[in-house]
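Reading through the structure tokens given below for one structure.
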Amino acid sequence: MKKIIFITTVVCTLFLIILIAIQANKTISEIDEIGKPLFKKKQLNFPNKKTALYLKSKNWGLTGNHKITVLSKNPQQEFHPDTTSEYIFNGFEEIIYYIEEDTLKIFSWQSPIQPEKFDSEIQIKLIQIENNTEWNSIKEKTKKNYRIFD
């Protein structure tokens, strides 16, 4: 009788140890995901051009407290910002954009870091917003053809 109780106790203990190990492994895997950057990409097509541009963002940090947005010719979603070939916007502010023929108008609160070599057949017009009234006026236009990238 004591042998059966001992064997049952050992089997139950091993079973519990295996369950705890599985749960610990799952928790460690979830923790690894916390620090990984989140990428977002929007392809911008132009009606009369074969060229596409890309608005991309990267959000990272333990609490997701860092963000960078770029305007790029490179379609790759995961990226490291390149100051020589991409427009770089730092911070969490959203960007409003409008495509008109071969021109991309970008409205933002900040002026981006402008690249030295952004060779494109698309013209880029950067409009820095000065106040909330102006921003709200532009944001109203998103109900029509203007778009938000956040």
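Would you check which residues across the stretch 53-98 are open to solvent by 20 Å² or more (accessible area, probe 1.4 Å) and small (G, A, S) and list them?
Answer for the stretch 53-98, where residues must be open to solvent by 20 Å² or more (accessible area, probe 1.4 Å) and small (G, A, S): G64, S85, G91.
What number of residues in the stretch 99-129 are farther than 20 Å from P47 by Cβ, of a type in the set (S, T, N, Q) and surrounded by fewer than 18 Cβ atoms within 10 Å (Cβ to Cβ)?
Selection size over the stretch 99-129: 4.
Quick check on N145: is it modelled with pLDDT under 90 and either among the small types (G, A, S) or over 27 Å from P37 (Cα atoms) (or both)?
The answer is yes for N145.
Looking at the stretch 137-146, which of its residues are open to solvent by less than 90 Å² (accessible area, probe 1.4 Å) and part of a helix (DSSP H, G or I)? Please lay out each step first, then the result.
Of all residues in the stretch 137-146, those open to solvent by less than 90 Å² (accessible area, probe 1.4 Å) come to 137-139, 141-142, 146.
If the condition is that a residue be open to solvent by less than 90 Å² (accessible area, probe 1.4 Å) and part of a helix (DSSP H, G or I), then S137, I138, K139, K141, T142 are the ones that fit.
Looking at the structure I just gave you, is K58 part of a loop (DSSP other than H, G, I, E, B) and charged (D, E, K, R)?
No: the conditions fail for K58.
If the Cβ limit is 7 Å and pairs must be 6+ apart or interchain, which residue in the stretch 45-58 that is closer than 12 Å to F149 by Cα pairs with which residue that is open to solvent by 30 Å² or more (accessible area, probe 1.4 Å) and in a loop (DSSP other than H, G, I, E, B)?
Qualifying pairs under 7 Å: Y54/N74; Y54/P75; K56/Q77.
The values are calculated or read from the model by the stated rules, or taken from the named source; none is laboratory data. Everything numeric here is computed off the predicted structure, so don't read it as measured data. With ideal geometry, Cβ positions are generated from the backbone for all residues, glycine too; neighbour counts draw on all protein chains shown. All accessible areas refer to the heavy atoms of the entire protein, side chains included, with ligands and DNA or RNA removed. Shrake-Rupley method; radii C 1.70, N 1.55, O 1.52, S 1.80 Å.
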